[in-house]
Amino acid sequence: MTEINREYFSKIPPVLYQYICQNPIAYSAYRVLHIRSNEGILTEANEIPFIKTPVYVFALISYLLILRVVNFIEIITQRNQMTYLTKSTHLFIVGTSENYRTFSLKSIARSIHSESEVAFLCSPSARIDNSTVKDTDCKIFRHTELHKNVPLTSVVLFLFKAVAITIQTKNMTPHQTTIYDTIIAYNYLITEFVKKRSVAKLMQNEPYVHTYSPMPYLVENTHEDKIFVYQHGIQWKSANTLMAVPFYVPLTYFVWSSVWMESFEDAAHPDSKIIPVGSPWHDHLAKNDNNQNPTFDVLLLSQSHGHTPNDEKYEKFVRTVIHTCEENNLTLKIKLHPKESEGWYKNRGWNSFVESFEDIDDALQQSRIAVTDSSSAFVESSVFGTPIVVGDILDGDLRSLAPIRNVIFPANMGDVPTAIQNALNGKIPETDRTVVITGGATERIVKIINSRKEELY
């Protein structure tokens with residue numbers, strides 16, 4: 001077996017590694033400091049009010065206090081019907097309602113529910129109910145419901161401990177960070193503690209956990225061999241998002257294909273199990289690749305953005321795509337990233353191109369070709385059978401993946417117009433190489449889960 005060059009992992013100072021191994025919750029603070037120093041995006045920031053402000057602690061305590069009062073009133077009026085799973089064996093973590101993120105989890109849940117008790121834990125932004133998980137009697141919990149039972153005294157006491165953890169983590173972190181970054185890291189650390197305490201009772205039976213983001217609140221509440229992490233997007237070799245691959249604990253990762261193994265191995269704990277299995281979502285897309293009915297020429301799949309250096313590159317990229325389409329009389333539609341709003345395009349007079357689609361498969365089905373900058377949507381497009389041009393304007397080394405079926409990687413921004421014309425004319429790579437194994441993903445995953453149960457018991 002080829003030896004992996006674990007470049008990212010080797011950059012973790014030994015003292016920091018040992019500290020986080022002993023205090024896993026500190027990883028949440030380190031992750032923030034790392035992302036901030038790399039100009040990354042904290043995806044939860046738009047979902048949690050005030051979390052990037054100095055007043056967050058006061059807002060959080062007030063919120064929890066109100067919930068405790070509400071919980072007390074519900075108990076005395078016998079309106080609190082909340083019950084916890086004491087025998088749940090599988091817990092699926094859902095952070096969004098987007099089909100491309102929930103489809104795989106729901107498929108696995110349906111496959112194992114007949115022999116296991118299944119539950120879903122949803123974030124405030126996730127809209128999922130039993131009607132979306134057909135033929136199952138699973139229970140659905142929400143973080144906001146569980147917050148009612150968080151002991152307020154423990155949170156107040158942790159506020160002081162969190163100061164020490166944040167400062168120690170910052171001092172060990174090999175990144176340039178500001179006082180403001182430290183405040184945000186402190187806020188995220190407290191939030192992680194609240195989540196840890198809120199789900200403790202729900203996870204008292206140490207269930208198998210199925211998640212895209214194995215954060216400390218999950219890791220600390222069940223056995224590490226019971227955590228299954230599903231690849232849901234591009235795993236950069238720089239590991240700059242630090243959500244899907246915590247370096248301090250060995251976990252089991254289900255990745256799309258062997259193409260992505262090196263990226264995960266570079267950042268994950270050396271004892272982690274990284275297994276190419278494909279994904280139920282991509283199997284679903286592959287089955288529908290013959291149902292295309294193009295109604296326009298070019299689909300621009302936008303990527304979430306928001307930092308000044310990247311905005312300039314992205315604006316030039318979008319302008320290039322629009323100019324190419326207008327110059328060649330091509331119809332263009334823009335599908336926004338789930339975390340994105342129309343405002344950025346409206347300010348530049350491009351909002352007429354923005355279209356609302358039910359999901360990415362709906363969008364791909366209607367377009368002749370697709371274009372993106374560095375979005376993982378190029379994977380869906382490749383599997384679905386819609387040729388796609390990937391600009392890779394952030395220089396994430398996506399071109400190193402070539403050749404890939406149905407994907408064109410232009411050498412630079414100037415080559416994007418030619419790449420669009422080539423895609424429209426069917427001049428795409430002739431290869432069987434794909435970034436996702438398709439067919440039988442659910443069966444492969446369930447088989448591994450069942451074998452893990454036999455190993456542990």
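Exactly one residue out of Tyr56, Tyr63, Tyr100 is at pLDDT 75 or above, under 23 Å from Ile190 (Cα atoms) and touching a helix residue (DSSP H, G or I) at 6+ places or on another chain (Cβ under 6 Å), and it is Tyr56.
With the structure loaded, tell me whether Glu340 is at pLDDT 85 or above, closer than 22 Å to Asn46 by Cβ and surrounded by 12 or more Cβ atoms within 10 Å (Cβ to Cβ) or whether it fails that test.
When the stated conditions are applied, Glu340 does not pass them.
Entry remark, region 358-394: residues being under 12 Å from Ile234 (Cβ atoms), over 18 Å from the mean Cα position of the chain (by Cα) and of a type in the set (A, V, I, L, M, F, W, C) number 2 in total.
Might you check whether a residue that is among the aromatic types (Phe, Trp, Tyr), surrounded by fewer than 17 Cβ atoms within 10 Å (Cβ to Cβ) and in a loop (DSSP other than H, G, I, E, B) occurs anywhere in region 442-457? Yes, there is a match, as at least one residue in region 442-457 is among the aromatic types (Phe, Trp, Tyr), surrounded by fewer than 17 Cβ atoms within 10 Å (Cβ to Cβ) and in a loop (DSSP other than H, G, I, E, B).
Find the residue count for region 1-46, including only residues that are hydrophobic (A, V, I, L, M, F, W, C) and at pLDDT below 75.
If we filter region 1-46 for residues that are hydrophobic (A, V, I, L, M, F, W, C), which is where we start, we get 1, 4, 9, 12, 15-16, 20-21, 25-26, 29, 32-33, 35, 41-42, 45.
With at pLDDT below 75 added as a condition, the list becomes 1, 4, 9, 41, 45.
Residues flagged as hydrophobic (A, V, I, L, M, F, W, C) and at pLDDT below 75 within region 1-46 amount to 5.
Selection of helices (runs of 4 or more DSSP H) fully inside region 1-72 by the criterion of at least 3 residues being within 20 Å of Leu218 (Cβ to Cβ) and within 26 Å of the chain's Cα centre (by Cα) returns 14-22, 26-37. Considering every residue within region 426-433, establish whether at least one is polar (S, T, N, Q), closer than 30 Å to Val209 by Cβ and in contact (Cβ under 8 Å) with a residue 12 or more places away in the chain. No, because not a single residue in region 426-433 is polar (S, T, N, Q), closer than 30 Å to Val209 by Cβ and in contact (Cβ under 8 Å) with a residue 12 or more places away in the chain. The condition of being modelled with pLDDT under 90 and in contact with a Pro (Cβ under 8 Å, 6 or more places away or on another chain) holds for only one of Thr136, Thr89, that being Thr89.
The values are calculated or read from the model by the stated rules, or taken from the named source; none is laboratory data. What you are looking at is a predicted structure, and each value in this text was computed from that prediction instead of being measured. Using ideal geometry, Cβ is built from the backbone for each residue, glycine included, and neighbour counts are taken over all protein chains shown.
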